[in-house]
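S.K.: Would you mind keeping the following structure in view while I ask a few things?
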């Protein structure tokens, strides 16, 4: 239907207005703030300072580099593990077995749980007096240890596992949906040709899933980069800033020290990094090139 | 399920249909299917169970079966701490966002799927770009906007913020769903004298029911779970949502795990139930082609 009317514009108007006011304008203002000294608690110092914030960030701020490095580690580990486990889970619940519908509903359920609630649940599980490790130790399994979230040696794996619990279902759902769109004929034809299970997985399933995998890992990488709820409530970035991501650092600059100018400069750095790696990733993976 | 897709030309002619059932129950199924599934189910369910045990177990007990059960912790959080109010706020925000997002996504999704218009590609690109915008990093400018618009401590304000951040993805998904409804049906109705609007309501909308359920519950769950906006824009306790209430509980109930767990159950039950019902539609809908846009 090729029509020259006002109708499509009227239909997208509410979305455009919301995006302009709550997404476009704020980005522009972050850009503007990043070039200013702007601290709510010291308004007499506010003013335009050019690229001073960026200079300070790149050359003087140890925590910026540290949080950036942790963000990278966090994204790679989380997305990698979520993808592998999500794919395995999707393949399992795509098989036919008794109780499949219930099994699906159960393994997907953590997807609906918020970051804060995930923290609440896992704090109960990890707590040093009545947690799971103490219970296991009572049964003679393992060492009760101390607080897994307070110990620098265990805080990273503990946080990763917590986020995995909530994050794997996202991949499982998306990949399951894509698995179901593979025509059965292909597998039947492959069986006729004598292909084994592994062969079918490598030559039919994986190529079919490629675009879905690229898209879901990219979306998830962005979300995990920006994930604040869970880390903020679970570790608060500690111990000793060990688990501080870049967005968490920004949130702390904004909320605690009210340094809006410097916080905005950090935000701009985050944008640029995300955009750069997203484009690079789409290029390298040749997304959408398969016809 | 039989497939009507054309077979690739290279395949050999299939032999007479093989017997429908497998010859033997394949024993390797236990290792590649049941064992990992059971392990994963344990990983998923033990944390939920742990929360339930703490929520229903009297203070001071340590048994792993919460018996006799008690509702004292629920009484503490619901009436004492104010989770009753938080629940109501979260419900209002969740339902409000669900309605607004679904209606706007239907409108915009229909426009993208059924019209060709100038600026369409730019609009689609802008929608995709929004996925890179971190909500956490927008707190500073959004706070300024909300303050000047008088939207702080207002449930309406939170519905607007949640809507703005969820609408782009909902719209993209919905346009995929609309595209899957054959346009010929609509055109036939219009040839029969329906206006485009009537054709939409009479023909297309009924076909979109699963899509509306999926997109709507996405929006509900997202708004119900949103933490940062509620934390930042609602400082008065009578406007707190469940995640904000929970985050304070994390700090204050450091010793009262029963109350924390009961608050968690209150926050979890509605979304987990909604999700258990709609996950089927979600998989079907995404499978039907919405992923590929």
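All of the numbers you see were taken from the coordinates with simple rules; none came from a lab. Quantities reported herein were computed from a predicted structural model and do not represent experimental measurements. Quick reminder, even Gly has a Cβ in these numbers, built from the backbone with ideal geometry, and neighbours come from all protein chains shown.
S.K.: According to the square roots a ≥ b ≥ c of the eigenvalues of the Cα gyration tensor, what is the shape class of region A:143-291, taking rounded for a/c under 1.5, prolate for a/b larger than b/c otherwise, and oblate for the remainder? It would help to have the intermediate numbers written out before the result.
M.R.: Working: a/c = 3.73, a/b = 1.80, b/c = 2.08.
Judged from the Cα gyration tensor, region A:143-291 comes out oblate (a/c at least 1.5, b/c at or above a/b).
S.K.: So, one more: Just the number: Rg to Rh for region A:210-254, Cα atoms, Kirkwood Rh, two decimals.
M.R.: On the way: Rg = 13.0 Å, Rh = 11.4 Å.
Taking Rg over the Kirkwood Rh, I get 1.13.
S.K.: Separate question: How much length is gained on full extension from residue A:138 to residue A:28, taking 0.36 nm per residue of separation minus their Cα-Cα distance? Walk me through the numbers on the way to the answer.
M.R.: On the way: separation 110, 0.36 × 110 = 39.60 nm, distance 5.69 nm.
Length difference between fully extended and current span is 33.9 nm.
S.K.: Once the Cα atoms of the protein assembly as shown are picked out, what are the Rg and Dmax in Å?
M.R.: 25.4, 87
S.K.: Same structure, new question: Can you tell me how region B:20-155 classifies by the Cα gyration tensor, rounded, prolate or oblate, using a/c under 1.5 as the rounded cut? If you can, show how the numbers build up before the last one.
M.R.: On the way: a/c = 2.85, a/b = 1.22, b/c = 2.34.
Oblate is the answer for region B:20-155, as a/c is 1.5 or above yet b/c matches or exceeds a/b.
S.K.: For a quick protection proxy, order the peptides A:47-55, A:267-275, A:195-203 by their average other-Cβ count within 10 Å, most packed first. Spell out each step's value before the answer.
M.R.: Numbers: A:47-55: 14.0, A:267-275: 18.6, A:195-203: 12.4.
Descending packing order for the listed peptides: A:267-275, A:47-55, A:195-203.
S.K.: Separate question: Going highest first, how would you order B:165-173, B:116-124 by mean Cβ packing within 10 Å?
M.R.: On the way: B:165-173: 23.7, B:116-124: 13.2.
Output ranking for B:165-173, B:116-124: B:165-173, B:116-124.
S.K.: Select from A:126, A:232, A:25 the residue whose mean-square fluctuation is largest in a Gaussian network model of chain A (Cα-Cα springs shorter than 10 Å).
M.R.: Among A:126, A:232, A:25, the largest GNM mean-square fluctuation belongs to A:25.
S.K.: Let me ask another. Along each of the three principal axes of the Cα atoms of region B:113-214, give the extent in whole Å, ordering the values from largest to smallest.
M.R.: Extents along the principal axes, in whole Å: 53, 28, 24.
S.K.: Once both labels are modelled 7 Å past Cα along the beta-carbon direction, what's the residue A:206-residue B:79 spacing in nm?
M.R.: Between residue A:206 and residue B:79, the label points sit 6.1 nm apart.
S.K.: Still on this structure, I have one more. What translational diffusion coefficient, to the nearest whole µm²/s, does region B:180-260 have by Stokes-Einstein, given a Kirkwood radius computed over alpha-carbon pairs, a temperature of 4 °C and 1.567 mPa s viscosity? Show your work: numbers first, answer last.
M.R.: Working: Rh = 16.5 Å.
Estimated via Stokes-Einstein, D reaches 79 µm²/s.
S.K.: Give me the Å³ per residue figure for the convex hull around the C-alpha atoms of region B:90-169.
M.R.: Numbers: hull volume 8.4 nm³, N = 80.
Each residue corresponds to 105 Å³ of Cα convex hull volume.
S.K.: How many nm is it between the label spots at residue A:257 and residue A:273, if each spot is 7 Å from the Cα in line with the beta carbon?
M.R.: 1.7 nm
S.K.: May I ask you to derive the relative contact order of region A:83-153, considering only C-alpha pairs under 8 Å and at least 6 residues apart, and to give it as an integer percent?
M.R.: Numbers: 28 pairs, mean separation 11.5, N = 71.
Relative contact order of region A:83-153: 16 percent.
S.K.: Compute the Cα gyration tensor for chain B, then decide on rounded, prolate or oblate, letting a ≥ b ≥ c be the square roots of its eigenvalues: rounded whenever a/c is under 1.5, prolate when a/b is larger than b/c in the other cases, and oblate in all that remain. Intermediate results must be reported in sequence, preceding the final value.
M.R.: Details: a/c = 2.49, a/b = 1.22, b/c = 2.04.
It comes out oblate by the Cα gyration axes.
S.K.: Computed over the Cα atoms, what is the radius of gyration of region A:39-93 divided by 2.2 N^0.38 Å, N being its residue count? Show your work: numbers first, answer last.
M.R.: On the way: Rg = 20.2 Å, N = 55, 2.2 N^0.38 = 10.1 Å.
Ratio of Rg to 2.2 N^0.38 Å for region A:39-93: 2.01.
S.K.: Can you tell me the FRET efficiency between residue A:13 and residue B:69 if r is taken as the Cβ-Cβ distance and R0 is 60 Å, rounded to the nearest 0.05? It would help to have the intermediate numbers written out before the result.
M.R.: On the way: r = 53 Å, r/R0 = 0.88.
The calculated FRET efficiency here is 0.70.
S.K.: Could you state the orientation-averaged shadow area of the convex hull built on the Cα atoms of region B:155-226, in nm² to one decimal? Provide the component values of the computation, followed by the final result.
M.R.: On the way: hull surface 21.6 nm².
Directional mean of the projected Cα hull area for region B:155-226 stands at 5.4 nm².
S.K.: Can I ask one more? Tell me the label-point distance for the pair residue B:62, residue B:42, using the 7 Å Cα-to-Cβ offset, in nm and rounded to one decimal.
M.R.: The two pseudo-label positions are separated by 2.2 nm.
S.K.: Here is a follow-up. Assuming R0 = 51 Å, what is the FRET efficiency of residue A:146 and residue B:205, from their Cβ-Cβ distance, to the nearest 0.05? Before the final figure, lay out the partial values.
M.R.: Details: r = 58 Å, r/R0 = 1.14.
For residue A:146 and residue B:205, the calculated efficiency is 0.30.
S.K.: With runs of 4+ DSSP H residues as the only contributors, calculate the mean residue ellipticity of chain B at 222 nm using -39,500 (n - 2.57) per run, divided by the residue total and rounded to the nearest 500. Mind showing how you got there, number by number?
M.R.: Working: 12 runs with 180 residues, N = 293.
Computed ellipticity for chain B at 222 nm equals -20000 deg cm²/dmol.
S.K.: On alpha-carbon atoms, Rg over Rh for region B:128-285 using Kirkwood Rh? Mind dumping the intermediate values first?
M.R.: On the way: Rg = 20.1 Å, Rh = 18.4 Å.
With Rg and the Kirkwood Rh in hand, the quotient comes to 1.09.
S.K.: A further question follows. Ratio to report: Rg/Rh of chain A, with Cα atoms as the point set and Rh obtained by the Kirkwood method; give two decimals. Working shown, then result.
M.R.: Working: Rg = 23.6 Å, Rh = 22.6 Å.
Result for chain A is an Rg/Rh of 1.05.
S.K.: Also, quick follow-up: Restricting things to alpha carbons, tell me how big region B:214-284 is in terms of Rg and Dmax, in Å.
M.R.: So, for region B:214-284, Rg and Dmax equal 14.1, 44 Å respectively.
S.K.: Right, another one. Let's test the formula: R0 of 51 Å, r as the Cβ-Cβ distance of residue A:156 and residue A:184. What FRET efficiency results, to the nearest 0.05? Don't skip to the answer; put the middle values down first.
M.R.: Working: r = 43 Å, r/R0 = 0.84.
Calculated value: 0.75.
S.K.: Evaluate peptide A:17-30: per residue, the Cβ atoms of other protein chains within 10 Å of its Cβ; return the mean as an integer. Mind dumping the intermediate values first?
M.R.: Working: counts 1, 9, 10, 2, 5, 13, 10, 4, 4, 11, 6, 1, 6, 5.
That works out to 6 on average.
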